Amino acid sequence: MTIDSLLNEYRRHFPANGDDGQNLIRRAFAFAKNAHKGQKRQSGDEYFSHVFETAKQLARWRLDAASIAAGLLHDSIEDCGVARETLEKEFGEETAGLVDGVTKLGSLKYREEDANIESLRKMILAISKDLRVVFIKLADRLHNMKTLSFVPPAKQRRIALETNEIYAPIAERLGMQSVAGELEDLAFPYIHPEAYRWLKDNVRESYDERQRYLKKIEPIVREHLRKAGVVPLSIDYRAKRFFSLYKKLLRYDMNLDQIYDLIAMRIIVSTIDECYLVLGAIHQLWPPMPGKIKDYIALPKPNGYQSLHTTVFCVDNRPTEFQIRTHDMHEHAENGTAAHWFYESKKHDAKAAQHAIADSKEVLWVQQLKEWQNQFPGSQEFIEALKVDFFSDRVFVLTPKGKVIDLPTGATPVDFAYKVHTDVGDACVGAKVNNKIVPLDFQLQSGDVVQILTQKGKHPSEDWMRFVKTNEAKKKIKASVHKKEPRARKAEYRIVVAKRIGAVKDILAIFARNKISISGLRTTDEKSPFPTIKVAADIGAKERAEEIMLKIRKIDGVREVGYKII
Ligand code: MN
């Protein structure tokens, strides 16, 4: 846990970035060490070890100095009561903003009964606003998972599930395959303890046997490739990850003999041409299994993964999987988005990738980020490209119980209320956002905790139509308003009055007192001793017309009143 080991890792990827970056990391290191002084992890380790490991992981992912500093400081707001302003003053806005982002993510909690997992994943991206915040959170979670055995059992399962359902898929989508796999493997024993034990007891022997087998064929492969004119950068044996093996076994009746890629031979070469050359050479040596040749170079997986896969009938006719890719592709597969953009992308990648990802919006963001990296290859611009508003058209807010509600941008507490339940919307009289009273036309932001204040017997106001954004709310407000007041009806009164000064005024006063608007007034037979007044009025309900008529009849001078509904 020395500053030097951290700085060494940083300098490996940023040799030219000189003193500024290193100074920032040094200061964050000292600050965090002091802030967490005396605090212990549940393992008994110093708390500082956690933030140190988080920072080190970020350095390994080649993230910049601000991210590494934020990694060191990521628990200082929440666990040490350090104010954001203090961090801003000490380390600048950028680092403080990253720490603040990570702190905000901390308030999101996964609940098993919450079916809205996809929204929660999106919300994490929406709140982050800067992919570096997500990377810090992933590094934080990776270390927490590695030390999960020290956490009380009741909490273990929740954290493991959250990791499996939320963070591993996010890593996967960002192309951080190996991080996703590692998180899943770390969570596996806590989520499916029996299956994990079964696998451990039954797989070890197969793994060892496969390993020996591949060692035996490696010289044959090398010799054959040499003849074909290719010298691989490396050949290794990749043992299939436990959790993905488990998922595959479930599909194959737990029959290990059906799993050909229990351990795959991985061949890393320098160029794409060599990838295809190696594939051809292997197929020359051993016949491929039909349907098992996958060209993820021409058609990358949705998360950008590129490689050639083939399963061949190898020595002793044993099905054996080979994976062939370039060093860049390998780096990308291991570290994903974080690392990949530091390499020049091959021009045709983007084009080929578009076929595979056309229908996946999320992948398009990753693709877009890569394109930005191509357009702005400098480091500062790259960081700007990480500040991305993933969901410019959606906001993700929380109920007081932590359920995620997904709404369009500009949505208000009324939209939220109707999304929760029609009754909540109809009875809504006020709202609190993050514990503060707000007006009902308040625009919600991602991450807001929204509480609706209701009152029994209340009805929605037609005025809400002015600001609500969701069609759902609009429809329900309309429906409710109409239920309360059926379409306004008009009545036409025919009133015969004796000539009396003020009679018309008295009649009109009746309408005014009853808040009924008049849309027409005519007097006929001016010369007659009993002129007729015709009044058209919006009386609303039919029963009111009768009521008003009786009132008019009582006016002095009125001889006759009749009405018809028009
Ligand atoms: Mn932490």
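Only the coordinates and a few stated rules stand behind these numbers; no lab work does. Since this is a predicted model, take the numbers as computed values, not measurements. Glycine also receives a Cβ, built like all others from the backbone with ideal geometry; neighbour counts cover every protein chain displayed.
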Subject >> Label-reachable residues, region 258-286, where backbone N falls under 16 Å from a point 7 Å from Ser178's Cα toward its Cβ >> reply: 264-269
Subject >> Relative contact order %, region 459-566, counting alpha carbon pairs below 8 Å whose residues are six or more apart >> reply: 35
Original post:
Which length gain, in nm to one decimal place, applies between Glu218 and Arg60 when the Cα-Cα distance is subtracted from 0.36 nm times their residue separation?
Top reply: 53.9 nm
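Is the shape of region 194-339 best called rounded, prolate or oblate, per the rule: a/c under 1.5 gives rounded, else a/b larger than b/c gives prolate, else oblate, with a ≥ b ≥ c the square roots of the Cα gyration tensor eigenvalues?
Oblate, because a/c is 1.5 or more while a/b does not exceed b/c.
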Original post:
Leaving out same-chain residues fewer than 8 places away, which lysines sit with a Cα under 18 Å from that of Lys403?
Top reply: Lys104, Lys109, Lys122, Lys419, Lys432
Original post:
Going down the list Lys56/Lys240; Lys56/Lys200; Lys33/Lys137, which pairs span over 21 Å between their C-alpha atoms?
Top reply: Lys56/Lys240; Lys56/Lys200
**OP:** Scan around Val497 for amide H atoms under 5 Å from its own, H built in the peptide plane at 1.01 Å from N, and keep only partners 5 or more places away or cross-chain.
**Re:** Ile533, Arg559
Original post:
In region 434-457, which residues have a backbone nitrogen under 20 Å from the label point lying 7 Å from Met465's Cα in the Cα-to-Cβ direction?
Top reply: 440-442
Original post:
What percent does the relative contact order of the chain come to when contacts are Cα pairs within less than 8 Å and at least six residues apart?
Top reply: 9
Original post:
Using a ≥ b ≥ c from the Cα gyration tensor of region 18-108 (square roots of the eigenvalues), is it rounded, prolate or oblate, where a/c under 1.5 gives rounded and otherwise the larger of a/b and b/c decides, a/b for prolate?
Top reply: rounded
**OP:** Using only Cα atoms, tell me the angle between helix 347-357 and the longest principal axis of the chain; keep it within 0 to 90° and round to the nearest 10.
**Re:** 60
Original post:
Expressed as an acute angle from 0 to 90° and rounded to the nearest 10, what is the orientation of the C-alpha long axis of helix 48-60 relative to the principal long axis of the chain?
Top reply: 80
Original post:
Taking K and R as +1 and D and E as -1, what net charge do the other residues with C-beta under 14 Å from the C-beta of Tyr47 add up to?
Top reply: -3
Original post:
Considering only Thr524, Gln455, Ile437, whose Cα is most displaced toward the positive end of the charge dipole of region 436-537, charges sitting on Cβ of Lys, Arg (+1) and Asp, Glu (-1)?
Top reply: Thr524
Original post:
Where a ≥ b ≥ c are the square roots of the eigenvalues of the C-alpha gyration tensor, would you call region 398-565 rounded, which needs a/c under 1.5, or, failing that, prolate if a/b is larger than b/c, or oblate?
Top reply: prolate
Original post:
Lys474 to Met1: extension gain in nm, 0.36 nm per residue of separation minus the Cα-Cα distance?
Top reply: 164.5 nm
**OP:** Would you pull out the residues with amide H under 5 Å of Leu398's amide H, same chain only if 5 or more places away, H placed 1.01 Å from N?
**Re:** Ile405, Gly447, Asp448, Val449, Val450
**OP:** Using the Cα centre as the reference, give the magnitude of the dipole from point charges on the C-beta atoms of region 194-339 (Lys, Arg: +1; Asp, Glu: -1; all else neutral), rounded to the nearest 20 debye.
**Re:** 180
Subject >> For Ala59, net neighbour charge (Lys/Arg +1, Asp/Glu -1) across residues whose Cβ lies under 11 Å away >> reply: +2
Original post:
What FRET efficiency, computed as 1/(1 + (r/R0)^6) with R0 = 56 Å and r the Cβ-Cβ distance, is obtained for Asp556 and Leu453, rounded to the nearest 0.05?
Top reply: 0.65
Subject >> Under the Karplus curve 6.51 cos²θ - 1.76 cosθ + 1.60, θ = phi - 60°, whole-Hz ³J(HN,Hα) for region 236-242, x wherever Gly or Pro sits >> reply: 9, 10, 9, 6, 4, 5, 4
**OP:** Return the long-range amide H neighbours of Tyr237 (sequence gap of 5 or more, or a different chain), with a cut-off of under 5 Å between placed amide H atoms.
**Re:** Arg266
Original post:
Can you list the aspartates and glutamates whose alpha carbon sits under 14 Å from that of Lys554, skipping same-chain ones fewer than 8 residues off?
Top reply: Asp506, Glu546
Original post:
Applying the Karplus parametrisation 6.51 cos²θ - 1.76 cosθ + 1.60 with θ = phi - 60° to the phi angles of region 157-172, what ³J(HN,Hα) value in whole Hz is obtained for each residue in order, glycine and proline being reported as x?
Top reply: 5, 4, 5, 5, 5, 4, 4, 5, 8, 10, 7, 4, x, 5, 4, 4
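When Lys and Arg each count +1 and Asp and Glu each count -1, what net charge do the other residues less than 13 Å away from Ala35, Cβ to Cβ, add up to?
Residues near Ala35 contribute -2 overall.
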**OP:** Among the aspartates and glutamates, select those whose C-alpha is under 19 Å from the C-alpha of Lys469, and discard any that sit fewer than 8 residues away in the same chain.
**Re:** Asp393, Asp406, Asp415, Asp423, Asp426, Asp441, Asp448
Original post:
So, by mean Cβ neighbours within 10 angstrom, what's the order for 277-288, 207-218 with the highest one leading?
Top reply: 277-288, 207-218
**OP:** Select from Ala154, Gln42, Ile501 the residue farthest towards the positive end of the dipole of the chain; place +1 on Cβ of Lys and Arg, -1 on Cβ of Asp and Glu, and compute about the Cα centre.
**Re:** Ile501
Subject >> Fewest-first ranking of Ile293, Ile68, using other Cβ atoms within 10 Å as the exposure measure >> reply: Ile293, Ile68
